[in-house]
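Comments concern the structure below.
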Amino acid sequence: MLVSAKEMLTKAKAGHYAVGQFNINNLEWTKSILLTAQELNSPVILGVSEGAGKYMAGYKTVVGMVNGMLEELNITVPVALHLDHGSYEGCLKCIEAGFSSIMFDGSHYPIEENVAKTKELVAICNEKGMSLEAEVGSIGGEEDGVVGMGEVADPKECKAIADLGVTMLAAGIGNIHGKYPANWKGLSFETLDAIQQLTGDMPLVLHGGTGIPADMIKKAISLGVAKINVNTECQLAFADATRKYIEAGKDLEGKGFDPRKLLAPGAEAIKATVKEKMELFGSVGKA
Ligand code: 13P
C-alpha cells in the first residue's frame with residue numbers, strides 16, 4: 001500500500017539520512033526502483049512530473065501500475081507516490097487519482113499567492129492523510145539551451161510556508177535540475193543553515209540531485225535535508241545502457257530486438273544508479 005512521505009521523512013531527518021525521490025517515466029523504470037528499494041530495505045519516493053504523468057497515459061494509469069507492482073512484486077518497504085513540481089490543478093488531479101503525496105510548486109507566484117494556494121492544499125492533504133511538499137525560491141535548470149542559476153530562497157519566506165503545516169519544504173539553495181555548468185558556484189550552505197534554524201524539524205528537500213558531489217550531499221543532509229530528488233542521472237544511465245546495447249549490434253542478433261531484451265540493460269543501469277544513491281543518502285536498511 002502506498003504511504004504518505006511524512007513518517008519516512010520525519011525518521012530520516014531525525015536519523016540524519018535522506019530518502020531518495022526517483023522520478024519514473026515508464027514501467028521498466030518503476031520496477032527497477034521498487035525492486036532496488038526492496039532489496040536494500042530502503043524507503044523510497046517515486047516522483048512523477050506532470051509531463052511524465054501525461055506520457056504514462058495519465059495519473060490513474062500510474063496509480064494502477066504502481067499499486068499493482070507493490071502487490072505483485074511483494075514490495076513491503078514504505079513507498080510514496082509523489083507528484084513532482086505540480087501545478088495547483090495537477091495537485092488536485094493527483095489527489096483524486098490516488099497519489100499518496102504531492103508537491104505544489106508555487107515558487108513562481110508572488111509569496112502571498114503561494115501561501116494562499118499552499119494553505120488550501122494543506123487542508124485537503126491533512127484530511128486525506130497525504131504529504132505535501134512546498135517550494136520557495138525556484139530551482140535553476142536548462143530551458144531552451146540556457147542554464148538558469150536558480151534563486152536562493154529567503155529563509156523568512158521558508159518559515160512562512162513551513163508554518164502553514166506542509167510536510168516537507170524544497171528551498172532553492174543554488175541547486176539546478178540536470179547537469180551542473182562548469183562555472184556552478186556550489187550549494188549555499190549558509191542559506192540552508194539559516195532555513196533549518198528557522199524551520200526546526202521540517203524535513204528539507206534538495207532538488208537537482210544529479211551531479212552534486214558526494215561531500216556536498218553529505219553536508220546538506222547534516223544541515224537538515226531529508227529528501228533528495230534524482231531524475232537526470234537515471235535518464236542518462238538508461239539512455240547510455242540502451243545505446244551501448246544497440247551499438248554492440250545486439251538488437252539485431254537473435255531475439256535481441258525483443259523490447260524486453262532491448263530495455264533490460266537500461267533497467268539494470270537504473271537499479272545500479274538507485275543503489276549508489278541510496279547508499280550515499282544513507283537510507284539503506286532504514287525501511
Ligand atoms: P535532476 O534531474 O537534476 O536529478 O533533478 C531531479 C529533480 O529535482 C526533480 O524534481
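Since every read-out is calculated from the coordinates, none of them should be taken as a lab result. Predicted model, so just to flag it, every value in this text is computed and none were measured. Every residue, glycine among them, receives a Cβ derived from its backbone with ideal geometry; neighbour counts consider all protein chains shown.
Brief remarks on what is shown
- Segment 234-287 and segment 1-77 have their alpha-carbon centroids 17 Å apart.
- Charge dipole (debye, nearest 20) of the chain; +1 at Cβ of Lys and Arg, -1 at Cβ of Asp and Glu: 700 debye
- Positive-end extreme of charge dipole, segment 189-287 - chosen from ILE246, VAL225, GLY211 (charges on Cβ): ILE246
- With K and R counted +1 and D and E -1, the other residues having a Cβ less than 9 Å from that of SER107 yield a net charge of -3.
- Rounded tilt (10° steps) of 232-247 against the dominant C-alpha axis of the chain: 10 degrees
- Ordering of 190-199, 226-235 by packing is 226-235, 190-199, highest average first (other Cβ atoms within 10 Å, averaged per residue).
- For segment 174-287, the spread of Cα coordinates along the three principal axes comes to 61, 38, 18 Å, biggest extent given first.
- Helix 111-128 and the long axis of the chain differ in direction by around 60°, with both axes built from C-alpha atoms.
- Antiparallel beta bridges, as assigned by DSSP with both residues in the chain, represent about 10 percent of the total such bridges.
- Placing +1 on each Lys and Arg Cβ and -1 on each Asp and Glu Cβ, with no other charges, gives segment 243-287 a dipole about its Cα centre of roughly 140 debye.
- Residue (of ILE173, GLY186, ILE270) at the positive-pole extreme of the chain, dipole from beta-carbon charges: ILE270
- Footprinting exposure proxy ranking of ASP258, ASP84, fewest other C-beta atoms within 10 angstrom first, gives ASP258, ASP84.
- Signed unit charges on C-beta, dipole axis of the chain, positive-most listed residue ALA52, ALA160, LEU35: LEU35
- Going from the fewest other Cβ atoms within 10 Å to the most, the residues MET1, MET65 appear in the order MET1, MET65.
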